[in-house]
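The structure under discussion appears below in the form of structure tokens.
The values are calculated or read from the model by the stated rules, or taken from the named source; none is laboratory data. Keep in mind it's a predicted model, so treat the numbers as computed, not measured. No Cβ is skipped: glycine too gets one built from the backbone with ideal geometry, and neighbour counts run over all protein chains shown. Heavy atoms of the whole protein, side chains included, go into the accessibility calculation; ligands, DNA and RNA do not. Shrake-Rupley method; radii C 1.70, N 1.55, O 1.52, S 1.80 Å.
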Amino acid sequence: MDQYSLAKKRKKEIMIKYGCRNLSRILKITPGAVSKWEVIPPFRAFQIAQLGDFDPTYIRPDIDFNVDFT
């Protein structure tokens with residue numbers, strides 16, 4: 001399974017845990033916006049990680065979040 005496909009699977013897992021409506025309320029966006037995601041956008045992955053149950057790299061294994069800007 002490639003990393004993008006795994007990100008799709010993780011999106012489903014997170015939707016089951018939080019629910020589309022509840023997650024949209026937490027993120028202050030519409031449920032319609034959440035339902036359009038094929039995978040969770042990177043910024044939203046950071047926001048969901050702040051809830052404490054998932055790490056951004058778990059949510060989006062296809063993205064390297066360890067960026068060094070020095």
Flagged pairs (Cβ under 9 angstrom, 6 or more apart or on separate chains; first in segment 54-70, more than 18 Å from residue 18 (Cβ to Cβ); second assigned to a loop (DSSP other than H, G, I, E, B) and among the aromatic types (Phe, Trp, Tyr)) are 57/65
May I ask you to list pairs of residues, at least six apart or on different chains, whose Cβ atoms are under 9 Å apart, with the first in segment 18-34 being open to solvent by 40 Å² or more (accessible area, probe 1.4 Å) and the second being outside any helix (DSSP H, G or I) and of a type in the set (A, V, I, L, M, F, W, C)?
-> 26/51
Just one of 14, 26, 63, 40 is of a type in the set (Val, Ile, Thr) and touching a Lys or Arg at 6+ places or on another chain (Cβ under 6 Å); which is it?
-> 40
For segment 44-62, which residues satisfy the criterion of being open to solvent by less than 50 Å² (accessible area, probe 1.4 Å) and aliphatic (A, V, I, L, M)?
-> 45, 48, 49, 59
